1. Projected area of the range 425-550, taken from the Cα convex hull and averaged over every viewing direction, in nm²?
2. With every protein chain present, what is the per residue accessible area of the chain (1.4 Å probe, Å²)?
3. Can you give the longest run of the chain that contains no GluC sites (Glu not before Pro) sitting in a DSSP loop with at most 14 other Cβ atoms inside 10 Å?
4. Per q in 0.19, 0.21, 0.23 Å⁻¹, report the Debye log10 I(q)/I(0) for the range 536-623, using one uniform scatterer on each alpha carbon and no solvent.
5. Take the cross-link list LYS220/LYS578; LYS220/LYS451; LYS293/LYS544 and give me the ones stretching past 28 Å between alpha-carbons.
6. Would you work out the relative contact order for the chain, in percent, from Cα pairs under 8 angstrom that are 6 or more residues apart?
7. Could you sort ARG454, ARG85, ARG558 by accessible area so the largest value comes first, with the probe set to 1.4 Å?
8. Rounded to a whole number, what % of the accessible area of the chain do carbon and sulfur atoms account for, probe 1.4 Å?
Amino acid sequence: MAFSLGWLSALAAGIFSVHVLQKLCFPYFWRDLLFLMKIIRYGVKLELFKFASGVTTVLDRFIQNARRIPNKPFVIYEGRVHTYRDIEERSNRLAHVFLEKVNLRKGDCVAMLMSNEPDFLCVWFGLAKVGCSVAFLNTNIKSKSLRHCFDCCGAKTLIVGSDLVECLNGILTSLLDDNIKVWAMKSQSEHTQVHTLLDKLDAASDQPVPAALRATTSLKAPTLYIFTSGTTGLPKAAVITHLQSLKAAAGFWAFGGTEDDVIYTPLPLYHSAASLIGIGGTIHLGATCILKKKFSASQFWNDCRKHNVTIFQYIGELCRYLCNQPKTELDKVHKVRMGVGNGLRQDVWREFQSRFGNIKMCEVYGSTEGNLCFMNHIGKIGTVGRSNFFYRLLFKYDLVKYDMMKDEPVKDQYGFCQRVERGETGLLLSKVSALSPFFGYAGSKTLTEKKLMRNVFAKGDAYFNTGDLMAEDHEGFICFRDRVGDTFRWKGENVATTEVTETLGLVDFIQEVNVYGVEIPGHEGRAGMAAMIVRPGLMFDGKKLFEHVMTDLPAYARPLFIRLQEVMEMTSTFKQQKFQLVQSGFNPSTISDPLYVLDYEQKSYVPLTEPIYQSIITRERKL
């Protein structure tokens with residue numbers, strides 16, 4: 001008996017010791033394991049589609065929901081409820097119109113230029129139901145970039161929202177000359193060659209079109225093209241397959257979302273965050289989405305209280321705007337329990353939770369076209385994701401040394417990249433494999449190849465170059481540090497410096513220009529700045545430059561600051577030197593070169609004086 005008691009005591013002591021050791025040395029072990037098991041289970045489900053007769057797509061899941069929960073609100077927009085049945089039937093009507101009036105066929109690519117509204121979903125689903133791939137066009141892009149988007153994806157049909165028809169002024173003739181048919185979500189059109197859709201809906205059937213039209217047997221079949229700015233200048237059409245759509249749609253579920261959640265989506269649907277994660281995630285759960293045309297900081301919490309929102313989507317800027325709103329007694333009166341997004345700064349994160357309650361902020365890292373995703377399921381402030389031994393077994397990624405001065409990875413004597421030590425900052429590379437494929441960009445093998453790095457650690461290997469500098473601490477948390485190359489982020493959008501450079505280069509008094517991003521205290525991302533050399537015999541003209549950027553660049557891509565230089569510095573590899581310019585910022589007291597700032601009131605670039613600089617730093621001046 002004594003022996004038995006002693007054995008049991010020793011066993012209990014051993015278990016307790018292991019428990020204490022696990023808590024001390026591996027505090028996230030069980031949470032990591034349970035989360036990873038959930039992800040693996042979903043991944044296995046996707047892999048099994050390879051052995052099935054067909055793939056159950058996100059659209060299929062929506063149609064199943066329309067049959068299972070037809071009367072449940074799917075989208076609530078500007079106070080009006082649209083049930084799963086409502087969207088299903090309207091998208092069926094549009095599908096019939098697309099087949100019978102627009103003469104679309106399975107395999108066609110169709111471009112959409114629409115704002116956030118329920119009909120965005122109806123058009124998207126209607127096109128998918130007839131087997132078309134869909135290209136989402138950014139509503140901010142201008143004529144040259146817009147025309148380029150059609151060349152990328154091969155679309156010969158454009159469907160434009162009723163509120164965006166005027167955006168085609170100046171490019172409509174060019175589109176029609178290229179035999180691109182334009183259809184507007186209107187009942188009548190002022191332009192004889194712009195066809196209308198709404199007047200044809202009433203006579204169309206709301207019954208489903210043949211399921212064979214939308215059916216696919218491959219997870220790797222393209223379903224969408226989402227445009228992303230990159231280092232090459234003009235927008236690139238990232239290929240979105242059914243595999244990527246299904247993975248993104250599981251995001252809310254992975255973080256613990258359920259069918260009882262109400263999801264608030266104020267982000268633009270032409271981006272993957274709102275469409276793939278937001279709408280796809282709502283469908284995956286069978287939940288309800290509160291869709292906003294545009295984000296409004298003043299309406300945000302009233303909307304959340306009115307609709308009993310439990311999950312909201314964000315980018316870092318959104319949370320900062322909310323923190324800048326006047327404080328009220330109702331700040332913590334809401335049912336929001338989770339935010340899902342990216343780009344949240346540590347200081348804003350802490351302030352947001354302190355002011356609005358202990359809302360779990362779930363950072364997600366991953367580009368639209370990338371083959372790697374990090375998810376901060378722990379919720380540790382300031383980190384974009386979580387890694388561990390198990391994660392590394394499944395997803396091969398590395399952080400390699402990067403020379404900021406030369407703007408290139410550091411190589412060893414054999415020409416291979418060098419891994420950084422734990423805690424050090426390095427360029428994030430993700431290995432391309434059958435488990436983590438890279439589908440690239442439509443219309444250009446060259447652009448796809450440029451995002452790959454080959455012979456990284458061994459001859460013949462291939463890695464996706466994220467262009468992001470990251471650090472992984474000793475606990476396995478991933479932190480974002482900076483972007484490299486010719487892209488920076490401002491106002492929640494990626495700005496391709498090459499595109500801005502090419503646009504500014506068309507101004508007659510500019511001889512050479514170097515575009516980069518500079519940090520502004522209290523603001524997410526980097527604001528655009530252009531160092532330029534004025535042509536001999538000409539003068540800098542702030543009004544002319546203002547008119548040019550207003551016409552040809554979207555708001556987020558317009559340089560806020562101008563720096564006039566006599567000589568443009570170059571790197572040892574004859575690239576324009578950006579590092580020193582980025583480091584020196586835009587402070588007129590420390591920079592001897594003439595500086596100018598974008599002024600919307602005076603409709604010009606005006607001299608950047610010390611008082612204006614201080615008003616920017618103290619956030620008195622709106623940017």
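The values are calculated or read from the model by the stated rules, or taken from the named source; none is laboratory data. Everything quoted here is computed from the prediction, not taken from an experiment. Quick reminder, even Gly has a Cβ in these numbers, built from the backbone with ideal geometry, and neighbours come from all protein chains shown. The area values use the complete protein model at the heavy-atom level, side chains included, leaving out ligands, DNA and RNA. Shrake-Rupley method; radii C 1.70, N 1.55, O 1.52, S 1.80 Å.
1. 11.9
2. Each residue of the chain exposes 46 Å² on average to a 1.4 Å probe.
3. Maximal segment without exposed cleavage sites: 425-565.
4. After summing over all Cα pairs, the log10 values are -1.03, -1.19, -1.31.
5. With Cα atoms farther than 28 Å apart: LYS220/LYS578; LYS293/LYS544.
6. Rounded, it is 9 percent for the chain.
7. ARG454, ARG85, ARG558
8. Answer for the chain: carbon and sulfur cover 54 percent of the accessible area.
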